[in-house]
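A short write-up of the structure that comes next.
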Amino acid sequence: MNSSVTLFPIGGTGTDITLQIACSGYMSSCPNGGNANYGIQRWIYEATVSLPAGCGSDWVFYNTDCCRSSAIDNISSPGGTGSAFYARLDNTLASCNSSPQFTNLPQMFNCVNQPTLLNLGIVDPDGDSLVIELTNCRSDGTGAPNTSVTYSAPYSGTSPFPTLSGILIQSNGLFSYIPAQAI
């Protein structure tokens, strides 16, 4: 089965969240792009999909979007490289198994040479075990969502930005690193 579903934005989303995750005094470029700073908007989309019960363990839901900011410096040709996000579903398992949830907003700003702890608040409502790892970003286009972006040396999916320490992922999903330059 291969089909498309239109996702609709949930009312009240699309708001500027920059000030919730940036340093005190930071001026966001949202909503009018009036300055050169970054700005971050949070959008949430939803749709209902009905799948036949017990039909296999190979459901893949994905979304693609073109293109990334040309200012990105850790992948090749970012302005012509889109993104893909995916999730897998095995509906042969017992019903009512919940997906992991991210309870914290992403941290988009870090201080150079300062130890950083990134806590996305990843929890599973059913208490299932979670494995968290860094992997290659996905690209849109042919083969999506299974096509990786091309990284610019020395970057990779497991080393996406320069650090003084590497990136340690603790068993509770807490990321620890020391940025070597502004990210």
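The values are calculated or read from the model by the stated rules, or taken from the named source; none is laboratory data. Remember, predicted model here, so these are calculated numbers, not experimental data. A quick note on method: Cβ atoms are made from the backbone with ideal geometry, for glycine too, and the neighbour counts reach across all protein chains shown.
I'd like the full set of residues that are without any contact (Cβ under 8 Å) to a residue 24 or more places away in the chain and under 27 Å from ALA182 (Cα atoms), limited to region 140-154. Outline the logic, then answer.
So the first thing to find is which residues in region 140-154 are without any contact (Cβ under 8 Å) to a residue 24 or more places away in the chain, and the list is 142-143, 146, 148, 153-154.
Selection gives SER148, ALA153, PRO154.
Taking the condition modelled with pLDDT of 85 or more and within 23 Å of PRO160 (Cα to Cα), does ASP124 pass? Give the derivation first.
Details: modelled with pLDDT of 85 or more: yes; within 23 Å of PRO160 (Cα to Cα): no.
Criteria not met by ASP124.
Being part of a loop (DSSP other than H, G, I, E, B) and in contact (Cβ under 8 Å) with a residue 24 or more places away in the chain is the filter here, so list the residues in region 68-90 that pass it. Before you say what the answer is, go through the steps one by one.
If we filter region 68-90 for residues that are part of a loop (DSSP other than H, G, I, E, B), which is where we start, we get 68-74, 76-77, 81-82, 90.
Of everything in region 68-90, those that are part of a loop (DSSP other than H, G, I, E, B) and in contact (Cβ under 8 Å) with a residue 24 or more places away in the chain turn out to be ASP73, ASN74, SER76, SER77, THR81, GLY82, ASP90.
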Original post:
Can you find even one residue in region 106-124 that is out of contact with any strand residue (DSSP E or B) (no Cβ under 9 Å at 6 or more places or on another chain) and among the polar types (S, T, N, Q)?
Top reply: no
**OP:** Look at ALA36 and say whether it is out of contact with any His (no Cβ under 7 Å at 6 or more places or on another chain), closer than 24 Å to GLN107 by Cβ and at pLDDT below 85.
**Re:** yes
Subject >> Residue that is surrounded by the fewest Cβ atoms within 10 Å (Cβ to Cβ) [pool: residues in region 78-105 that are of a type outside the set (A, V, I, L, M, F, W, C) and in contact with a Leu (Cβ under 7 Å, 6 or more places away or on another chain)] >> reply: ASN104
**OP:** Considering (1) surrounded by 11 or more Cβ atoms within 10 Å (Cβ to Cβ); (2) without any contact (Cβ under 8 Å) to a residue 12 or more places away in the chain; (3) closer than 23 Å to THR163 by Cα, say which one CYS137 fails and leave the rest.
**Re:** (2)
Original post:
Is region 114-122 home to any residue that is farther than 26 Å from TYR45 by Cα and part of a strand (DSSP E or B)?
Top reply: yes
**OP:** Give the residues of region 160-183 that are part of a loop (DSSP other than H, G, I, E, B) and either without any contact (Cβ under 8 Å) to a residue 12 or more places away in the chain or of a type in the set (A, V, I, L, M) (or both), sorted by residue number.
**Re:** LEU164, GLY166, ILE167, GLN170, SER171, ASN172, ILE178, ALA180, ALA182, ILE183
Original post:
So TYR62 fits all but one of (1) part of a loop (DSSP other than H, G, I, E, B); (2) in contact with a Pro (Cβ under 7 Å, 6 or more places away or on another chain); what number is the exception?
Top reply: (1)
